[in-house]
Amino acid sequence: MITGDTFTSLLVMGMIFIAVVLMVLALAPMFTRNIDMRARLSTTATGPVPTAGSPTLRTDQTQSIWGRLIAEIERRGLSLTDTKGDVLAERLMLAGYEQPFAVRAFVLARTVLTVLLPAAAVAFMALTDNWPTPAKAYMIVLGAALAGLYLPNFVVSSRAEGRRKEILNGFPDTLDLMLVCIEAGLGIDATFNRVGAEITASHPLLARMFATVALELRAGRSREQALKTLARKSGVSEISAFTTLIIQSDKLGASIAQALRVYATEMREGRRMRAEEKAHRIPVLLSLPLVVFLLPCMVAVLMLPAGISLKRSMTEAGRAR
């Protein structure tokens, strides 16, 4: 059972932790008020605020649960802006979160997890009636708070890495299709639209990115700007090199088909080399489980007969004496 002194220490530490969290949440709007004001001014400076019934791009953020939740929280006076909003927005975009409220949703999730996980740890200890020492309890609560603080970053980084691998693995096939379309007589703008429609089932992520490029070109954006946006949203160096190749070939008047043929060959060779590298890593990765699980069994099988013979000889020698 928990003693009175231990309960008092835990109660004091819990009150201190809650006070610090509330202080941070109270002071955050003071430091981010200028940033929030700039964001509001930049929003209202571009034109009149649309009505509630007009379906525009600005009102898309209120069409989801996250958007409505964030709007309600900010309406109550709690700012969810981040001082490094641009860097955070870039990271979230590379992970596939391109919604207008992605940064604020990330800040909300991080704040909730930072408070919720320590509370869950304390509730679990209270329900199981397994109270550790005050120092250990403080370390558990602190570890849960740190886990809640860094868990969203880990999820975003993992998703960005998986997205990058998916783009990189599907890009050589996409280049082959682009080469076929260009050699068939299609222009580069129509090629993006056609290839994006063809790879919807096999590579949906690349299909969405190519469809976005086609829509931007159709809306009047220059080809150079649309391709640079594609490279920035992908976060893959191979696509950045591809967009640079298309832009330079277009400016210099070189054959895009010839450039794509050479680059597609290099991409296929790079994919083959990555597959061979993973295959060569398999023996190294298998060595650890073989040593841990198979080697003790082999040693036991080889040494057991010798041990039995030694035991028998020692027993017979003892009887002879």
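Readers should treat all values here as calculations from the given coordinates under stated rules, not as data from a laboratory. Note that the structure is predicted; figures quoted are calculated from it, not measured. Methodologically, a virtual Cβ is constructed for each residue, glycine included, from the backbone with ideal geometry; neighbour enumeration extends over all protein chains shown.
Per-structure values
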{"item": "Prolate/oblate/rounded label for the range 130-273 (Cα gyration tensor, a/c 1.5)", "result": "prolate"}
{"item": "Separation of the His280 and Met298 label points, Cα + 7 Å toward Cβ, nm", "result": "2.5 nm"}
{"item": "Span from the the range 261-284 Cα centroid across to the the range 221-238 one, whole angstrom", "result": "24 Å"}
{"item": "Sequence-distant residues sharing a close amide H with Gly235 (under 5 Å, placed H)", "result": "none"}
{"item": "Listed residue pairs exceeding 20 Å between alpha carbons, taken from Lys84/Lys233; Lys233/Lys278; Lys228/Lys278", "result": "Lys233/Lys278; Lys228/Lys278"}
{"item": "Residues Ala254 and Leu215, FRET efficiency given R0 of 25 Å [Cβ-Cβ distance, rounded to 0.05]", "result": "0.40"}
{"item": "Neighbour-count order for Met178, Met273, fewest beta carbons within 10 angstrom listed first", "result": "Met273, Met178"}
{"item": "Neighbour-count ranking [beta-carbon atoms within 10 angstrom, fewest first] of Arg104, Arg91", "result": "Arg91, Arg104"}
{"item": "Proximal charge balance of Leu217 [Cβ under 10 Å; K/R count +1, D/E count -1]", "result": "+1"}
